[in-house]
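Shown next, in structure tokens, is the structure this report addresses.
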Amino acid sequence: MAVERTLSIIKPDAVAKNVIGKIYSRFEMNGLKIVAARMTHLSRIEAEGFYAVHKERPFFKDLVDFMISGPVMIQVLEGEGAIAKNRDLMGATDPKKAAPGTIRADFAESIDANAVHGSDAPETAAVEIAYYFPALNIYSR
Ligand code: RTP
Ligand code: MG
């Protein structure tokens, strides 16, 4: 399987719960390397731009309001099959449906406050990584 990069965001609920390190451990224990990272408090404009694909969806305003409710930790993960592997580690969008042992099952409260974001395909990963990190701030070796 090819080495890929994916964009991960630890959302405001998980940052507030002080579980950044626990989530990072899961990435590291599963062969995902953190090759860029940045803590920030997103502006409304930044969050709306990031989630532009969802702008016609009924949950768009709640999603943006939540993503700007506190600081987030944003990282690029690199590894074999990183996009799917990260999605597996995250679990289903709704934590009530997430498999036991996944990040959302263990740390998330609700479909809005669901602890983590992860890119869902190579094309979205490329766009999302470029949205937050210039190439020169990604340290893959
Ligand atoms: P993410 O983009 O955050 O990694 O999550 P995802 O792929 O599992 O879910 P997606 O369909 O891309 O939706 C993005 C985020 O919007 C919120 N959402 N709310 N109320 C709802 O029906 C609903 N559906 C989605 C979730 O917080 C989801 O993570
Ligand atoms: Mg998504």
Residue count, the stretch 20-56, condition basic (Lys, Arg) and either out of contact with any helix residue (DSSP H, G or I) (no Cβ under 8 Å at 6 or more places or on another chain) or in contact (Cβ under 8 Å) with a residue 40 or more places away in the chain (or both), comes to 4
Look at residue 136 and say whether it is assigned to a helix (DSSP H, G or I) and touching a helix residue (DSSP H, G or I) at 6+ places or on another chain (Cβ under 7 Å). no
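So, residue 87, is that one among the basic types (Lys, Arg), within 14 Å of ligand 1 (Cβ to nearest atom) and assigned to a helix (DSSP H, G or I) or not? Break it down stepwise before answering.
Numbers: among the basic types (Lys, Arg): yes; within 14 Å of ligand 1 (Cβ to nearest atom): yes; assigned to a helix (DSSP H, G or I): yes.
In short, yes.
Assess whether residue 66 counts as being surrounded by 14 or more Cβ atoms within 10 Å (Cβ to Cβ), without any contact (Cβ under 8 Å) to a residue 60 or more places away in the chain, of a type in the set (Phe, Trp, Tyr) and within 11 Å of ligand 1 (Cβ to nearest atom).
Working: surrounded by 14 or more Cβ atoms within 10 Å (Cβ to Cβ): yes; without any contact (Cβ under 8 Å) to a residue 60 or more places away in the chain: yes; of a type in the set (Phe, Trp, Tyr): yes; within 11 Å of ligand 1 (Cβ to nearest atom): yes.
When the stated conditions are applied, residue 66 passes them.
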Just to be sure I understand the filter: pairs with C-beta atoms under 7 Å, separated by 6 or more residues or on different chains, first member in the stretch 93-121 and without any contact (Cβ under 8 Å) to a residue 24 or more places away in the chain, second member charged (D, E, K, R) and more than 16 Å from ligand 2 (Cβ to nearest atom). Which pairs pass? 95/109
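Has the stretch 49-62 got any residue that is buried (at least 18 other Cβ atoms within 10 Å of the Cβ), within 16 Å of ligand 2 (Cβ to nearest atom) and not hydroxyl-bearing (Ser, Thr, Tyr)? So that I can check it myself, show each step before the final result.
Pass one, the stretch 49-62, residues buried (at least 18 other Cβ atoms within 10 Å of the Cβ): 50.
Those left that are additionally within 16 Å of ligand 2 (Cβ to nearest atom): 50.
With the extra rule that they be not hydroxyl-bearing (Ser, Thr, Tyr), the set shrinks to 50.
Yes, some residue in the stretch 49-62 is buried (at least 18 other Cβ atoms within 10 Å of the Cβ), within 16 Å of ligand 2 (Cβ to nearest atom) and not hydroxyl-bearing (Ser, Thr, Tyr).
Every number here is computed from the coordinates shown, using simple stated rules; none is lab data. Here the structure is a predicted model, which means the values were calculated and not measured. Because the Cβ atoms are built from the backbone with ideal geometry, glycine has one as well, and the counts that use them run over all protein chains shown.
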